[in-house]
Amino acid sequence: MLFLCSILFVVTCNADDYAQRPNIILFLADDLGWNDVGYHGSNQIPTPNIDALAYSGVALHNYYVLPICTPSRAALMTGKYPIHTGMQHGVIYGAEPRGLPLSEKILPQYLKELGYATHLIGKWHLGSYKKEYLPYNRGFDSHTGFITGKIDMYDHTNVERGSWGFDFKRDSDALVSHDLFGVYATDIYTDEATKIIKAHNRSQPLFLMVAHSAVHSGNPYEPIRAPESVIEKFSYIKDRQRQKFAGVLTKLDESIGEVVSSLQSNGLLQNSIIIFSTDNGGAAAGFNSNAASNFPLRGVKNTLWEGGLRGAGALWSPLLTHKNRVATQLLHISDWLPTLYSAAGGNTSVFKNIDGIDQWEALSKDSKSERTTLLHNIDDIWKNGAITVDQWKVVTGTNYDGKWDSWYGPDGREGNYDVELVYNGLAGRAIQELGLMPDKEKIKELREAATVKCKEPASPIECKPLEAPCLFNIEEDPCEQRNLADKHPEVLQRLLKELNRLNATAVPPNNKPLDLNGDPKFWSRIFVNFGDYERSRTIEL
Ligand SMILES: *[C@@H]1O[C@H](CO)[C@@H](O)[C@H](O)[C@H]1NC(C)=O
Ligand SMILES: *[C@@H]1O[C@H](CO)[C@@H](O)[C@H](O)[C@H]1NC(C)=O
Ligand SMILES: *[C@@H]1O[C@H](CO)[C@@H](O)[C@H](O)[C@H]1NC(C)=O
């Protein structure tokens, strides 16, 4: 009897190891466009590792993010619309004395309560002027990366609003990590991620967030940088900026492959949930000196058109009941907090007053999403707003005086799609080891279903968002070519009413004028938590 018990005990121990909460790996790409991933139909720049995750998990077809970085990351971390945290307007600058309000409890803090080890690699961008705003004081055990909005991929400096400073370190190092200087940022992330995975003690579940610099542009002197040997492979791309962009994107895709492969070789993959997501739409056609593509969707980053909001995203996990599909559930970036918490076995009744909805069941079992309304944003400084209810979307106002309201390429449809690359990539091989890669026919079918197609409509109906709100039926017209405001005034009114209802719950944006004291020139050319030190004058934004 005693003997049996000890056998049972051993068996139970092992079973516990596998029954433990899933590891959560969150890959956040920066400024990646809808049409920059291969599974959305472009043949131009292969992304076999990202594609492998999408095909063997679920490709998120109606997945929405905020149009710009800080608001999007704030929604991801808090599960709230940015109008409810004061984060709805623009980004945080390195010399700006504000951050995501400390009253907000965020994703890694919630996961820590479920026993997770929590690590952030890469970009933060949610406030850094005082140390309490930094990742390691907000639930992350470690952070290697940068705190402002962007960096040069090699020298790790940020040129921003007239200042220039170094922004890159491990939080265990003093002010800078000298050994990392000059190393390509994406390679650093890959190395750090694989180190964390290797060193991870499996008695705890792992939450690893890799918030990539790619494919955000860097500084004006050379905005798009990747190793020349990688860029050279894309000599067939005639647009030189897009060719360089291909190098940046390829490095991002390879990094994801290496991390997935490392999860597998360290025995973590089989009990992992992986999210791949962009933070906002792509900076296309020279916007931010970059060369992303949201084709065929309208607009760019920082606009409320689908190209600014509809996010390239995928969810992967052996724990999903219905895999290998294009998920049409309406999903918002704020949904990840309750969704992941729920997938990790947490009780979502801990969340009070969040806007995110637990979508784990809907995504896993392909059941109906509880989300029918999705606020894209309301920004009373830029004077715009947009909301989706069911298949309808209202857009009111626009940015840049309407200069970025058009449709931009490239479509990337020339050439062929090489499925073999998907199987032979590091992610594809790791997933095959778990027996989870679908066959070629299935991949073809999935890719077809994940590709948005828009014809030139026989009768486009112009939208002038600066003059009057526009209404689109996104299901039939994902490219926003037919403004149905006049045709369906009752629908328009219904959505405007909903927009007003949400607007009435908004808190004012918490943007602040820059603090001169925050200029890196006072701090050995380093972006620091200047608010922790005496000295203060303000300059106007
Ligand atoms: C992992 O953590 C457990 C529990 O804290 C500890 O007992 C064990 O020694 C750790 N293993 C390693 C290899 O550090
Ligand atoms: C979740 O927590 C609530 C409130 O504490 C409780 O009523 C409910 O039973 C819990 N649900 C589960 C599944 O434990
Ligand atoms: C939101 O409400 C404010 C007044 O509180 C108003 O100025 C603004 O125009 C409203 N925005 C939208 C998009 O309705």
Looking at P438, P509, P520 in this structure, which one is surrounded by 15 or more Cβ atoms within 10 Å (Cβ to Cβ), on the phi < 0 side of the Ramachandran plot and in contact with a helix residue (DSSP H, G or I) (Cβ under 7 Å, 6 or more places away or on another chain)?
P438
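Would it be correct to say that G162 is surrounded by fewer than 20 Cβ atoms within 10 Å (Cβ to Cβ), at pLDDT below 95 and of a type in the set (G, A, S)?
Values: surrounded by fewer than 20 Cβ atoms within 10 Å (Cβ to Cβ): yes; at pLDDT below 95: yes; of a type in the set (G, A, S): yes.
Yes, satisfied.
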Out of contact with any helix residue (DSSP H, G or I) (no Cβ under 9 Å at 6 or more places or on another chain) and within 16 Å of ligand 2 (Cβ to nearest atom), is that true of G402?
no
Filter pass, T348 being crowded, with 24+ Cβ neighbours inside 10 Å, hydroxyl-bearing (S, T, Y) and away from ligand 1 (no atom under 16 Å from the Cβ):
no
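Looking at the structure I just gave you, is I197 part of a loop (DSSP other than H, G, I, E, B) and touching a helix residue (DSSP H, G or I) at 6+ places or on another chain (Cβ under 9 Å)? Walk me through it before giving the result.
Details: part of a loop (DSSP other than H, G, I, E, B): no; touching a helix residue (DSSP H, G or I) at 6+ places or on another chain (Cβ under 9 Å): yes.
Considered against the rule, which asks whether it is part of a loop (DSSP other than H, G, I, E, B) and touching a helix residue (DSSP H, G or I) at 6+ places or on another chain (Cβ under 9 Å), I197 comes out as no.
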Which residue pairs have Cβ atoms closer than 7 Å, lie 6 or more positions apart in sequence or on different chains, and pair a first residue in the range 344-358 that is without any contact (Cβ under 8 Å) to a residue 40 or more places away in the chain with a second residue that is open to solvent by less than 60 Å² (accessible area, probe 1.4 Å) and within 11 Å of ligand 2 (Cβ to nearest atom)?
T348/S342; D358/S342; D358/T348
Criterion (within 21 Å of G122 (Cα to Cα) and open to solvent by less than 40 Å² (accessible area, probe 1.4 Å)) met by exactly one of N290, N302
N290
Could you tell me whether the range 187-206 includes any residue that is away from ligand 1 (no atom under 16 Å from the Cβ), β-branched (V, I, T), surrounded by 23 or more Cβ atoms within 10 Å (Cβ to Cβ) and closer than 16 Å to L32 by Cα?
no
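Kindly evaluate L495 against the criterion of being within 16 Å of ligand 3 (Cβ to nearest atom), in contact with a strand residue (DSSP E or B) (Cβ under 7 Å, 6 or more places away or on another chain), farther than 26 Å from F276 by Cα and open to solvent by less than 80 Å² (accessible area, probe 1.4 Å).
Values: within 16 Å of ligand 3 (Cβ to nearest atom): yes; in contact with a strand residue (DSSP E or B) (Cβ under 7 Å, 6 or more places away or on another chain): yes; farther than 26 Å from F276 by Cα: yes; open to solvent by less than 80 Å² (accessible area, probe 1.4 Å): yes.
So L495 passes the test.
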Total residues in the range 366-407, condition β-branched (V, I, T), surrounded by fewer than 19 Cβ atoms within 10 Å (Cβ to Cβ) and more than 22 Å from the chain's Cα centre (by Cα):
2
Can you say whether I237 is in contact with a Lys or Arg (Cβ under 7 Å, 6 or more places away or on another chain), aliphatic (A, V, I, L, M) and not in a strand (DSSP E or B), as far as the supplied structure shows?
no
Is it the case that the range 368-378 has a residue that's among the polar types (S, T, N, Q) and either within 16 Å of ligand 1 (Cβ to nearest atom) or over 21 Å from E476 (Cβ atoms) (or both)?
yes
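Within the range 273-284, is there a residue that is open to solvent by 10 Å² or more (accessible area, probe 1.4 Å) and in contact with a Gly (Cβ under 9 Å, 6 or more places away or on another chain)?
Taking the range 273-284 and keeping what is open to solvent by 10 Å² or more (accessible area, probe 1.4 Å), we get none.
No, the range 273-284 contains no residue that is open to solvent by 10 Å² or more (accessible area, probe 1.4 Å) and in contact with a Gly (Cβ under 9 Å, 6 or more places away or on another chain).
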P338 versus (1) open to solvent by less than 10 Å² (accessible area, probe 1.4 Å); (2) part of a helix (DSSP H, G or I); (3) out of contact with any helix residue (DSSP H, G or I) (no Cβ under 6 Å at 6 or more places or on another chain): which is the lone unmet condition?
(3)
The listed residue being among the aliphatic types (A, V, I, L, M) and more than 16 Å from ligand 3 (Cβ to nearest atom), out of I387, I378, I354:
I354
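The values are calculated or read from the model by the stated rules, or taken from the named source; none is laboratory data. Computed from a predicted structure; not experimentally measured. Using ideal geometry, Cβ is built from the backbone for each residue, glycine included, and neighbour counts are taken over all protein chains shown. Surface accessibility is based on the protein's heavy atoms, side chains included, excluding ligands, DNA and RNA. Shrake-Rupley method; radii C 1.70, N 1.55, O 1.52, S 1.80 Å.
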